[in-house]
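Participant: Structure in structure tokens, see below.
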Amino acid sequence: MANAFIQFPKGFLWGTATAAHQVEGNNTNNNWAAWEAQPNKIKNGHRSGIACDWWGGRWREDLDRAAAAGQNTHRFSIEWSRIQPAPDQWDGESVAFYREMIKGMRERGLKPMLTLHHFTDPLWIAERGGWENQETPKLFAAFVSRIVDELKDLVEDWVTINEPNVVAYSGYLTGDFPPGKQDMKAAFSVMGNLVRGHALAYHAVHAAQKHASVGLAINYRSFHPSTSNPLDAWSAKMQSRLFNDTFARAAVDGKLRLPFANQHIPEAVATQDFLGLNYYTRDQVSFDLTRPGQFFGRNYYRKDAERSTTGFLANEPLGFREALKWAVGYAKPVYITENGFEDDADTIRPRYLAQHIHQLWHYVNFNSSIKGYYHWSLVDNFEWERGWTQRFGLWGMDTQTQARVERGSAGLFAQICRQNGLSTAMLAQYCPEVVEKIFPD
């Protein structure tokens with residue numbers, strides 16, 4: 001077998017992603033802490049607890065591992081409720097904590113990408129109606145303005161809101177996220193306010209830091225018609241338009257395109273310096289008259305698709321190719337802000353990683369607008385409504401002892417980062433079963 005190698009451009013960013021509530025621990029003043037305290041909201045009654053104990057200082061050892069593995073960037077978020085625990089309070093100690101952590105990233109050679117909102121809201125925001133309240137975008141922008149002023153000497157890359165499409169969908173349509181509603185009218189109102197929140201935050205960042213790079217992180221889910229039936233194609237297209245396109249397009253032209261509820265948000269025009277792309281999996285879609293709320297679509301995975309530990313995800317690298325094509329179509333720099341696979345045994349993740357990096361290379365090789373890749377995640381963490389039942393980390397973690405255990409996929413990703421590419425030698429070591437698929441003779 002000849003040794004083949006695919007090279008990424010010099011300066012390409014390789015890193016991992018985390019989020020404050022999922023790794024810090026002891027976040028008790030936000031809507032997710034309140035959600036966890038309610039019965040039957042989190043799988044198996046799990047609680048985030050001390051999470052990965054980053055607030056206790058374990059960020060140092062985890063970021064040491066990231067740097068030693070050849071990573072040159074890290075995406076993370078800050079917790080609004082720690083910094084502004086009440087409307088009229090600003091916690092300087094929390095700001096100092098984040099400054100120390102960001103300095104720690106830079107000292108380790110990790111370029112920081114900071115997410116300003118990753119699913120959690122302070123309790124005082126939730127008590128005022130959360131993102132249903134028309135004042136929340138302004139309150140969020142005021143927070144952003146102040147924190148950027150505090151951190152602008154350390155950070156240049158900012159994500160305003162992580163996965164606003166998931167916030168609206170899971171919080172107001174399926175009810176899996178707080179506030180647990182199933183109300184389409186409320187969902188559409190929230191979507192408008194999230195666009196306004198992003199837009200005001202975008203302008204606030206640039207007002208404080210002229211050279212900043214600011215974008216949204218969108219969860220792109222591939223919806224693929226299960227047959228050649230035009231009705232399957234129609235349902236898949238409509239689901240994709242609502243879930244994938246709504247926020248990214250609004251950040252271009254200020255038009256929020258919703259069924260029977262279009263909105264014009266002029267402040268959102270041209271508020272996207274880059275597009276953050278989160279991709280995990282792909283759905284098959286069959287037309288189904290019994291599902292009007294989902295554009296008459298029944299979604300499922302291919303029967304022969306590899307499934308993750310809990311069946312939550314399917315390994316669909318061709319869906320990633322579709323997502324990349326979609327992202328570069330916005331003619332902005334693109335960062336893969338999340339991509340990963342829950343796999344406690346780490347048997348599928350190595351080939352998932354290799355197959356997706358291979359798809360990424362095709363687009364990077366022919367389109368220089370893709371600037372970096374962040375794997376989800378650095379270490380096992382609290383996975384929202386799924387609690388500790390899913391293990392996404394390159395490093396495993398024992399929730400009782402906090403011990404970290406390096407998985408094989410961590411070794412593969414380290415080689416990719418250090419060599420800025422992917423080779424047959426790497427695949428032969430970590431996932432020989434896909435050598436011929438990725439590097440056919």
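Participant: Multiply the residue separation of W90 and T174 by 0.36 nm, subtract the distance between their alpha-carbon atoms, and state the gained length in nm to one decimal.
Facilitator: Gain on extension, W90 to T174, equals 26.8 nm.
Participant: Quick check on the chain: of the DSSP beta bridges with both residues there, what percent are antiparallel, nearest 5%?
Facilitator: 25
Participant: Could you pull the Rg and Dmax for region 306-438, using just the Cα atoms, both in Å?
Facilitator: Using the Cα atoms of region 306-438, the pair Rg, Dmax is 15.0, 46 Å.
Participant: State, to one decimal in nm, how far the label point of Q7 lies from the label point of Q134, with both points 7 Å from Cα in the Cβ direction.
Facilitator: Going from the Q7 label point to the Q134 one covers 5.8 nm.
Participant: Also, quick follow-up: List the residues of region 50-64 whose backbone N lies under 15 Å from a point placed 7 Å from the Cα of A403 along the Cα-to-Cβ direction.
Facilitator: No residue qualifies, since no backbone N sits under 15 Å from the label point.
Participant: Here is a further query. Relative contact order of the chain: what whole-number percent is it, with Cα pairs under 8 angstrom and at least 6 residues apart?
Facilitator: So the answer I get is 18 percent.
Participant: Taking the Cα centre of the chain as the origin, how large is its charge dipole in debye, to the nearest 20, when only Lys and Arg (+1) and Asp and Glu (-1) carry charge on their Cβ atoms?
Facilitator: For this selection, approximately 880 debye.
Participant: Roughly speaking, what is the centre-to-centre gap between region 352-397 and region 148-212 when only Cα atoms are used, to the nearest Å?
Facilitator: If you average the Cα positions of each part, the centres end up 22 Å apart.
Participant: What dipole magnitude, in Debye to the nearest 20, does region 242-384 give about its Cα centre under +1 on Lys/Arg Cβ and -1 on Asp/Glu Cβ?
Facilitator: 540
Participant: Would you order T28, T120 from fewest to most other beta-carbon atoms within 10 Å of each residue's own beta-carbon?
Facilitator: Ascending Cβ contact count within 10 Å gives the list T28, T120.
Participant: Need one number: convex hull volume per residue for the chain, Cα atoms only, in Å³.
Facilitator: Here the figure is 139 Å³ per residue.
Participant: Would you give the gap between the C-alpha center of region 404-441 and the C-alpha center of region 246-322, rounded to a whole Å?
Facilitator: A separation of 29 Å, based on Cα centres.
Every number in this text was worked out from the coordinates using simple rules, so none of it is lab data. Bear in mind the structure is a predicted one, so any value in this text is a computation, not a measurement. A quick note on method: Cβ atoms are made from the backbone with ideal geometry, for glycine too, and the neighbour counts reach across all protein chains shown.
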